[in-house]
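Below is one structure, written out as structure tokens; comments come after it.
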Amino acid sequence: MRTQQTSFWVDHPLGRALLGLAGVIAFVAIWKLAQATGWARAGTIPDPFRLPQTLMDEWRSDRLMPAVLSSLVHYVWGLGLGTVFGFLVGALAASSRWTDALHAWLARILRPIPPLAWVVFAIAWFKVSHAGAAFVIAIGVFWVNYFATWSAVRNVDPKYYELAQAFGQQGYLNQALNVVLPASAPGILSGMRTGIGQAWMTLIAAELLGVPGMGQEMNAAAGVGAYEAVVIYMLVISLVYTLSDTLFARFEKRVLQWRPS
Amino acid sequence: MRTQQTSFWVDHPLGRALLGLAGVIAFVAIWKLAQATGWARAGTIPDPFRLPQTLMDEWRSDRLMPAVLSSLVHYVWGLGLGTVFGFLVGALAASSRWTDALHAWLARILRPIPPLAWVVFAIAWFKVSHAGAAFVIAIGVFWVNYFATWSAVRNVDPKYYELAQAFGQQGYLNQALNVVLPASAPGILSGMRTGIGQAWMTLIAAELLGVPGMGQEMNAAAGVGAYEAVVIYMLVISLVYTLSDTLFARFEKRVLQWRPS
Amino acid sequence: AEPVEIGYMPIIPVSQAFLTLDEDRLATIGIQDPELIQFQNGPAMVQALLAGQLDIAYLGIGPAMVARAKGADIKVVASNIVEQISLVALGELAPYFASGDPATAFSRFATDKGRKPVIATFPTGSVPDTVLQYWLRKQLQIDPDQVEVIYQGAAQVQQSLLTGAVDGAAILEPIVSISLDRLPDARVVASGSEMFPNQPGAVLVVRETLINEQPETVQALVAVHAEVSRLLREHPEQAVTAVQRYVGGGRLSAAIVQRALENSSAHFVDDPRQIIDGTRAMHDFQAELGTLKADVDLDQLFNTRFYETLAP
Amino acid sequence: MASILTIENLSFHYGDNPAPVFDDLNLSIAKGEFVAVVGGSGVGKSTLLKCVADLAHSSGGRITLDIPERRGSRRRATVFQDGRLLPWRRLRGNVGYGLKGLELSAEAREERIREVLKLTRLSELADRWPHQLSGGQVQRAGIARALAVNPELLLMDEPFSAVDAITRQHLQDELLNIWQKTGAAVLFITHDIEEAVYLADRVVVLSGHPAHVRFDQPIDLPRPRGRNADDLQHLAHTIAQEL
Amino acid sequence: MASILTIENLSFHYGDNPAPVFDDLNLSIAKGEFVAVVGGSGVGKSTLLKCVADLAHSSGGRITLDIPERRGSRRRATVFQDGRLLPWRRLRGNVGYGLKGLELSAEAREERIREVLKLTRLSELADRWPHQLSGGQVQRAGIARALAVNPELLLMDEPFSAVDAITRQHLQDELLNIWQKTGAAVLFITHDIEEAVYLADRVVVLSGHPAHVRFDQPIDLPRPRGRNADDLQHLAHTIAQEL
Ligand SMILES: Nc1ncnc2c1ncn2[C@@H]1O[C@H](COP(=O)(O)OP(=O)(O)OP(=O)(O)O)[C@@H](O)[C@H]1O
Ligand SMILES: Nc1ncnc2c1ncn2[C@@H]1O[C@H](COP(=O)(O)OP(=O)(O)OP(=O)(O)O)[C@@H](O)[C@H]1O
Ligand SMILES: [Mg+2]
Ligand SMILES: [Mg+2]
């Protein structure tokens, strides 16, 4: 007979954190080794042990904080708008066959356009501004949410629509709020979570626009061969990402508490 | 009493195609209008009516086909590898609590690193080569698939695990193939479909590496203000994307034929 | 033997490369079927050099210094161009340079318009950025805060100028010529020689192993380089076809390419000795600004021997 | 008495399956009538219910409902064979699902929910998620949800199949109670013929492929009926012969 | 006779709900014995089955199974109350789900599937997807799936609740047939006391919170039993009193 097995390592938060740390340490060790043994050519990858010094330099020279703050503005707006519109358009397309047919081709034309190409239009429409950077970020986030939402809504079990119909709850908004949304929530939330990372991935491209921020600092640092500084900015981004991802995971768990587990 | 209502516009393939075309035509009309009325400054956005000429130019000067072929190589490899690994790592992380804990931090550190930053490492590891470009594309695709798979696998209804257990089908691989995979297929396939577009979105960034292809052509054209050429490459990308997306949608439908609809 | 790898960026300052890559000229040098790699930006080229790729490369002096500092065994054997960066001003800003002292143009603009002029250039630490800063601080001797500098890539600078998102740009050919062509009220308000006299631009670098193993090839390469540089100086119109094939992927009209080449013709200086002092000045200025992260030994960067053999 | 529901020449087939489930089915239910439907597994009872509830598109024939709208009640309500609770609503929320749009005050709604929960003996579980309920509790929740909207026509698909004998008797009697009080018509699908005879005014036997009404037995026994009364047993036996 | 299943002092509570479903439950089943369990809705019958099938983690007590492995058959098989077909397998695939790993030849497998499909009268529907089946068909598929693996201990959770009377009698008799032929033990949950008495060697009544065995009635009637025999009815009545 089975008994409830719990393991410190995978069940206790501290155990999990330690395991996570072990993963990171192993990674850094391989990195340093690659660097030290010359397996990766000299100069091509940064030295992990020089990172703390670089961090201090970036901090002291007053580049880090303004860049972080500026990027956060792009991030929050871009992520917010991209998520909202991706969700709305995806939901609309999946629930109305007219909308779906009307925009199907257009979506396929616009979908693969890269953020870097959108930068050109962003300049034309928003000049060089935070709005432009947010726009470019929003594009990337938009599509991820669009597809996740579309697919989640399409996959709602029709038996719930029957139920809504049987109890006179078939108004579009009513059905959307009480049936479609909760039924597709797992898929939609998974898309949103992907978008939280996607937004950071698009940051450099967005800030090529000419607005200051971490993306621009990374780009400049890479231009003068300061790879340690590049890594510092990546780590800062990772930190902010980890925070937002963790918060979102909590939120997701709350929203989906009705699921059996 | 309801009777089966079908509408030519949304049910017949031809009707849908016409609606789709209507959407595109409306889009082009707005575009041309913006350009003609000077709402967008002259020269800043391309002229849709000059596109056919530009297409001929690109074709005749023998730039188009080599670029398409080269990009296809990056695309196919990048998409393939990114999808396979994203799926594998996501599935592993979602189904084994040890793997999950071990890689949790690392994933959060690596996740937000933009493709443009990976370019630097891609050169260090793969030199300037098709492999490098494929690698950069794979990164973008990887995360989309990773999250979609992770979430889909996590959301499998536990009652199916009970069933597997009750009928002695609890071997890891057996359960993976007969329960987890089909149950999470809708979510996983939605992620893969998102990845098919994501791969093209990362193309310019990947080809900044120095390998030839449509991304490089777009970048070069944008650098000298040849926006019509930029649009031509976008349209070619859209065409290839539409083809692959349509094929995949068919495949998806086949795999998910068991769903009530 | 493995094919020789030649890296370049498709920009006017390395026009020598496009002429050299002509079949006949390559045959003279003794390079058969070279592998050509076209880069879109400097950092990628630096990485490729560090990763051991490229035997011959045409790139900016900035990336060359970075690559050398990071440990790439490369030598500058010839120069391509000097003083190639100009300040293009658009309609609103240009008149302030026509009507008075350039040193006060920005402040007068700010007083009239109620905002700082916006100037676009390449990322911090790039050659155009350095030249712009040098001009503001050393030549005009004004507070650099009088202008708002924004940092972009080539495509974005181009688009910013065309859409009027900026008031001007410190930038290279062919963007200068394209802007002048498409925007009737755009003007070059400061030329390269005004902004940073003797400022080094693109250079020809060769890997040390190639120098050691095939000195005769390098010698021939430099000889051809000198020959095509003379052509560019004296008959830029003859270079149009070759250059047009590469710059902008072949999408620029011959007229614009010719205009860009003619504007630059006087700057195609090939003697590496002429840029050593300029390079030092630039290096020191970058160190002063704090944008230079890498420690480079300038004496090790140049190898003027081949050029000296040609023209003692 | 006036028909509340008239089914004329109904034909139906499932999308991909050309064999019709019905082909020319006729049935009508009078106002306030309690009709039980029995028939073999897979004969088409649930499909009939779906058609009446307007959840399926018939391929021919007519279904006419003659029910006026009344404030505070729905024209139809359905108890599904599979329970069909919304997994993202707690039991209370599921039971109140049909109340929205009925122009009831918040208190009246609360009151209705409380009432039907009490009736189905689920009051204590009101805050549970559906996956935390037993099979019989899910079924009772489905019944409560349908009763809450006070329908004029109540469609019930094997509503008591998963509850124990005691609970079943209790629910049967509560249902009769409500039926008599409200005067609603009931279309009741069951496999238990004694239950059908105990509850209904008329028992209809469906059979065949495509299905038709094979037998239509009025139950004239006076109410309240004795469960084990001989005449009831006798009728049940007659009907069982027809199955 | 030797016990095939022994439950000693079993205690159990659902994760977030501190009130135990069982607290010190004892029950054992002998080899080849047919035990029926009856009890109120929500008392814990399905939970007991889950514990025996090793699908739930008990919080105390012991469940001992004394069943040797035999080629070509599983030690246990379960018929779930909710049918629980895999929606991505056709009916045939669902019925054969438990056969993998039983060291049967492909023909033997096919043969078994054919056999149980015939027994449950589903042969014609073998290529349907689960969502294309009626409620009773889904339930029969669940029975077929469990019978296919030829188990030593068959756990059935209200297996006949959704089928009509005729089908039910047929399935009951087929079950008895198989039980007598194979000598498997059966733990059979039902709400129908007459069914329990007709089928079982022993009827166990669960009741209370936490649940305990309130009544344990051996049924010594000779087999084959008459469904309407007086002694059967009498026993059923006795048990109903205890509910
Ligand atoms: N996941 C769960 N979490 C909390 N409580 C649960 C859960 N599942 C079942 N319960 C409760 O445990 C009790 C026993 O449930 P069980 O399903 O065993 O009842 P049962 O005897 O099979 O009833 P029925 O005849 O209605 O199927 C019920 O009161 C039920 O509400
Ligand atoms: N979606 C579907 N596609 C095709 N056939 C279906 C579908 N749903 C049901 N059927 C078939 O239609 C017939 C009638 O189904 P229905 O659910 O109405 O039966 P039922 O009388 O309710 O049976 P039960 O008593 O078993 O619930 C069955 O033979 C069933 O297999
Ligand atoms: Mg049914
Ligand atoms: Mg149960």
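The values are calculated or read from the model by the stated rules, or taken from the named source; none is laboratory data. A quick note: this is a predicted structure, and the numbers were derived from the prediction, not measured. Cβ placement follows ideal geometry from the backbone for every residue including glycine, while neighbour counts extend to all protein chains displayed. We work out accessible area using only protein heavy atoms, side chains counted, and drop any ligands, DNA or RNA first. Shrake-Rupley method; radii C 1.70, N 1.55, O 1.52, S 1.80 Å.
Among the residues of segment C:95-105, which ones are open to solvent by 10 Å² or more (accessible area, probe 1.4 Å), of a type outside the set (S, T, N, Q) and not in a loop (DSSP other than H, G, I, E, B)?
To start, the set of residues in segment C:95-105 that are open to solvent by 10 Å² or more (accessible area, probe 1.4 Å) comprises C:95-104.
So of that shortlist, the ones also of a type outside the set (S, T, N, Q) come out as C:95-98, C:100-103.
Of everything in segment C:95-105, those that are open to solvent by 10 Å² or more (accessible area, probe 1.4 Å), of a type outside the set (S, T, N, Q) and not in a loop (DSSP other than H, G, I, E, B) turn out to be C:PRO95, C:TYR96, C:PHE97, C:ALA98, C:PRO102, C:ALA103.
Output the residues belonging to segment A:59-74 that are surrounded by 12 or more Cβ atoms within 10 Å (Cβ to Cβ), under 25 Å from the mean Cα position of the chain (by Cα) and part of a helix (DSSP H, G or I).
A:LEU64, A:PRO66, A:ALA67, A:VAL68, A:LEU69, A:SER70, A:SER71, A:LEU72, A:VAL73, A:HIS74 - these are the residues of segment A:59-74 that are surrounded by 12 or more Cβ atoms within 10 Å (Cβ to Cβ), under 25 Å from the mean Cα position of the chain (by Cα) and part of a helix (DSSP H, G or I).
Taking D:GLY40, is it under 16 Å from D:ASN26 (Cβ atoms) and in the same structural domain as D:ALA185 (by the TED database)? Lay out the reasoning, then the answer.
On the way: under 16 Å from D:ASN26 (Cβ atoms): no; in the same structural domain as D:ALA185 (by the TED database): yes.
Considered against the rule, which asks whether it is under 16 Å from D:ASN26 (Cβ atoms) and in the same structural domain as D:ALA185 (by the TED database), D:GLY40 comes out as no.
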In segment A:8-17, the residues that are modelled with pLDDT of 75 or more and either over 10 Å from B:LEU102 (Cβ atoms) or touching a Lys or Arg at 6+ places or on another chain (Cβ under 7 Å) (or both): A:HIS12, A:PRO13, A:LEU14, A:GLY15, A:ALA17
Check on E:ARG89, within 10 Å of another protein chain (Cβ to nearest Cβ), closer than 22 Å to E:THR167 by Cβ and away from ligand 4 (no atom under 16 Å from the Cβ): no
Residue that is nearest to C:LEU221 (Cα to Cα) [pool: residues in segment C:27-41 that are touching a strand residue (DSSP E or B) at 6+ places or on another chain (Cβ under 9 Å) and of a type outside the set (D, E, K, R)]: C:ILE31
Any hit, segment A:46-58, residues being under 29 Å from B:GLU207 (Cβ atoms), open to solvent by less than 30 Å² (accessible area, probe 1.4 Å) and in the same structural domain as A:VAL231 (by TED's automatic domain parsing): no
Flag for D:GLU115 being away from ligand 2 (no atom under 16 Å from the Cβ), more than 24 Å from E:VAL43 (Cα to Cα), open to solvent by 20 Å² or more (accessible area, probe 1.4 Å) and not aliphatic (A, V, I, L, M): no
Answer from D:VAL203, D:VAL197 - the residue that is buried (at least 20 other Cβ atoms within 10 Å of the Cβ), assigned to a strand (DSSP E or B) and either hydrophobic (A, V, I, L, M, F, W, C) or under 16 Å from the mean Cα position of the chain (by Cα) (or both): D:VAL203
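Are there helices (runs of 4 or more DSSP H) fully within segment C:116-219 with at least 2 residues that are within 13 Å of another protein chain (Cβ to nearest Cβ)? List them.
On the way: elements: C:127-134, C:154-163, C:175-182, C:192-195, C:208-213.
Fully inside segment C:116-219 and qualifying: C:127-134, C:154-163, C:175-182.
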Conditions (1) more than 26 Å from C:ASP101 (Cβ to Cβ); (2) modelled with pLDDT of 85 or more; (3) not charged (D, E, K, R): number failed by C:SER126: (2)
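Return yes or no: is A:TRP118 in contact with a Lys or Arg (Cβ under 9 Å, 6 or more places away or on another chain), within 13 Å of chain B (Cβ to nearest Cβ) and surrounded by 23 or more Cβ atoms within 10 Å (Cβ to Cβ)?
Values: in contact with a Lys or Arg (Cβ under 9 Å, 6 or more places away or on another chain): no; within 13 Å of chain B (Cβ to nearest Cβ): yes; surrounded by 23 or more Cβ atoms within 10 Å (Cβ to Cβ): yes.
No.
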Filter result for D:ALA229 (surrounded by 16 or more Cβ atoms within 10 Å (Cβ to Cβ) and more than 16 Å from ligand 2 (Cβ to nearest atom)): no
Strands (runs of 3 or more DSSP E) fully within segment D:54-167 counting 1 or more residues that are within 16 Å of ligand 3 (Cβ to nearest atom): D:76-79, D:153-157
Tabulated pairs, segment D:201-213, first closer than 16 Å to D:SER41 by Cβ, second among the polar types (S, T, N, Q), C-beta under 6 angstrom, 6+ apart or interchain: none
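Considering each residue of segment D:171-190, count those that are away from ligand 2 (no atom under 16 Å from the Cβ) and among the hydroxyl-bearing types (Ser, Thr, Tyr), and give that number.
First, pick out the residues of segment D:171-190 that are away from ligand 2 (no atom under 16 Å from the Cβ): D:171-186.
Subset that is among the hydroxyl-bearing types (Ser, Thr, Tyr): D:182.
Residues meeting the conditions: 1.
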Selection within segment D:92-112 - more than 9 Å from chain A (Cβ to nearest Cβ) and open to solvent by 50 Å² or more (accessible area, probe 1.4 Å): D:ARG92, D:GLU103, D:SER105, D:ALA106, D:GLU107, D:ARG109, D:GLU110, D:GLU111
Lone unmet requirement of (1) of a type in the set (A, V, I, L, M); (2) under 16 Å from B:TRP77 (Cα atoms); (3) open to solvent by less than 30 Å² (accessible area, probe 1.4 Å) for B:ILE123: (2)
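Given the residues B:GLY210, B:GLY195, B:GLY191, which is the only one that is at positive phi and either touching a Ser or Thr at 6+ places or on another chain (Cβ under 7 Å) or at the interface with chain C (Cβ under 10 Å from one of its Cβ atoms) (or both)?
B:GLY210
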Single residue of segment E:13-29 satisfying the filter (within 14 Å of ligand 1 (Cβ to nearest atom) and open to solvent by 70 Å² or more (accessible area, probe 1.4 Å)) that is modelled with the lowest pLDDT: E:ASP16
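Restricting to segment E:118-148, give me the number of residues that are in contact with a strand residue (DSSP E or B) (Cβ under 9 Å, 6 or more places away or on another chain) and open to solvent by 10 Å² or more (accessible area, probe 1.4 Å).
The total comes to 3.
Which of the following residues is more than 9 Å from chain B (Cβ to nearest Cβ) and open to solvent by 20 Å² or more (accessible area, probe 1.4 Å): A:VAL236, A:VAL240?
Among A:VAL236, A:VAL240, only A:VAL236 is more than 9 Å from chain B (Cβ to nearest Cβ) and open to solvent by 20 Å² or more (accessible area, probe 1.4 Å).
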Residue under evaluation D:ARG74, criteria (1) within 16 Å of ligand 1 (Cβ to nearest atom); (2) closer than 28 Å to D:ASP192 by Cβ, criterion not met: (1)
Qualifying residue in segment B:205-221 (condition: among the acidic types (Asp, Glu) and within 21 Å of C:LEU162 (Cα to Cα)): yes
Single condition A:GLN198 does not satisfy, out of (1) in contact with a Phe, Trp or Tyr (Cβ under 8 Å, 6 or more places away or on another chain); (2) open to solvent by 20 Å² or more (accessible area, probe 1.4 Å): (2)
Residues (more than 14 Å from chain C (Cβ to nearest Cβ) and not in a helix (DSSP H, G or I)) located in segment A:23-58: A:THR37
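Return the residues of segment D:30-47 that are within 15 Å of ligand 2 (Cβ to nearest atom) and open to solvent by 20 Å² or more (accessible area, probe 1.4 Å); say none if nothing qualifies.
First, pick out the residues of segment D:30-47 that are within 15 Å of ligand 2 (Cβ to nearest atom): D:36-47.
Of everything in segment D:30-47, those that are within 15 Å of ligand 2 (Cβ to nearest atom) and open to solvent by 20 Å² or more (accessible area, probe 1.4 Å) turn out to be D:GLY40, D:SER41, D:GLY42, D:SER46.
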Pairs where the first residue, in segment D:26-45, is away from every other protein chain (no Cβ under 14 Å) and of a type in the set (D, E, K, R) and the second is away from ligand 1 (no atom under 16 Å from the Cβ) and in a loop (DSSP other than H, G, I, E, B), C-beta under 8 Å, 6+ apart: D:LYS31/D:MET1; D:LYS31/D:ALA2; D:LYS31/D:GLY183; D:GLU33/D:MET1; D:GLU33/D:ASP201
